[in-house]
1. With runs of 4+ DSSP H residues as the only contributors, calculate the mean residue ellipticity of the chain at 222 nm using -39,500 (n - 2.57) per run, divided by the residue total and rounded to the nearest 500.
2. Taking 0.36 nm per residue of sequence separation and subtracting the Cα-Cα distance, how much length would be gained by fully extending the chain between ILE12 and ALA28, in nm to one decimal?
3. The range 125-194: which trypsin sites (Lys or Arg not before Pro) are DSSP loop and have at most 10 other beta-carbon atoms within 10 angstrom?
4. I'd like the orientation of helix 3-40 relative to the chain: the angle between its Cα long axis and the longest Cα principal axis, in ° from 0 to 90, rounded to 10.
5. Springs between alpha-carbon pairs under 10 angstrom, Gaussian network model over the chain: which of LEU206, LEU14, LEU112 fluctuates most?
6. Remind me, relative contact order of the chain in percent, using alpha carbon pairs under 8 angstrom and six or more residues apart?
7. Could you state the angle between the C-alpha long axis of helix 107-142 and the longest principal axis of the C-alpha atoms of the chain, as a value from 0 to 90 degrees rounded to the nearest 10?
8. Assuming a ≥ b ≥ c are the square roots of the Cα gyration tensor eigenvalues, decide whether the chain counts as rounded (a/c under 1.5), prolate (otherwise, with a/b larger than b/c) or oblate.
Amino acid sequence: MKKSKLITVTAIFLAIFLTGAVFIGVGAGTIIKDKKYIKTAESANALVSSVQQTDGSRKYILWYNVDGENFEPEYDYNEEEDYIGKDVKVYFTKGAPDKIFIETDEKYSVFLYAGLVLAVISAVALGAVQIPFNLRKYIIKNGKSELVRIEKVVDVIGGKKILCESKKIRGRKAEPYKSRTIKQELPKEIVNTAVTVYYLPKHKNLYYIDTDTIKGRNGTK
């Protein structure tokens with residue numbers, strides 16, 4: 001993957017990760033705040049007696065009794081569902097039973113779980129594009145290089161791969177080196193030509209085939 005494309009892909013997945021983090025913050029923050037408030041609040045069972053709709057906002061009238069006194073506050077659900085006739089648990093601070101709070105609906109749990117999914121998927125995707133790129137840079141900088149013979153070209157999903165001999169690298173097993181997927185068109189006659197492979201002397205299974213060094217590739221070498 002070219003560096004310019006890598007930067008673009010990284011920016012996209014990073015934006016998705018940050019969006020997921022915001023969702024997690026909103027969902028988890030609201031849920032934790034609710035739980036903390038509910039833990040110390042007074043509560044009562046209220047009946048949703050009627051609804052008033054104004055400018056697209058649905059304000060429900062709730063009825064409940066606290067210490068022998070009736071209360072009928074409005075509560076704005078802004079939901080399409082009809083709550084009339086349902087029982088709802090309301091919470092309030094001691095001494096202010098008319099200022100109610102209703103536990104957050106399930107949409108904040110959806111925020112939390114959606115944020116987790118976005119964060120995990122984007123983190124995995126970032127690792128999938130960044131780890132090979134940085135590993136390749138590390139191998140080139142700290143490893144050794146050898147010219148090896150191209151044994152064959154095979155078709156794979158999305159392009160082609162070249163298989164190169166590995167016997168020249170002392171201590172390397174006999175399995176051929178396999179390049180990354182090459183999407184560009186390759187010269188017809190590259191079998192038995194040479195290509196540069198970078199490898200770590202102490203970890204010979206970690207390697208990088210520099211396909212730009214293929215002799216005759218694109219007719220320029």
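Just so you know, all these numbers are worked out from the coordinates, no wet-lab data involved. Since this is a predicted model, take the numbers as computed values, not measurements. Note: ideal-geometry Cβ built from the backbone for every residue, glycine included; neighbour counts use all protein chains shown.
1. On the way: 2 runs with 74 residues, N = 221.
Per the formula, -12500 deg cm²/dmol.
2. Contour length minus Cα-Cα distance gives 3.3 nm.
3. Values: sites: ARG136, LYS137, LYS141, LYS144, ARG149, LYS152, LYS160, LYS161, LYS167, LYS168, ARG170, ARG172, LYS173, LYS178, ARG180, LYS183, LYS188; in loops: LYS167, LYS168, ARG170, ARG172, LYS173, ARG180, LYS183, LYS188.
Passing both the DSSP loop test and the Cβ count: ARG170, LYS173, LYS183, LYS188.
4. 30 degrees
5. LEU206
6. Values: 361 pairs, mean separation 37.9, N = 221.
Value for the chain: 17 percent.
7. Relative to the chain, helix 107-142 is tipped by roughly 20 degrees.
8. On the way: a/c = 5.53, a/b = 3.69, b/c = 1.50.
Note, shape of the chain comes out prolate.
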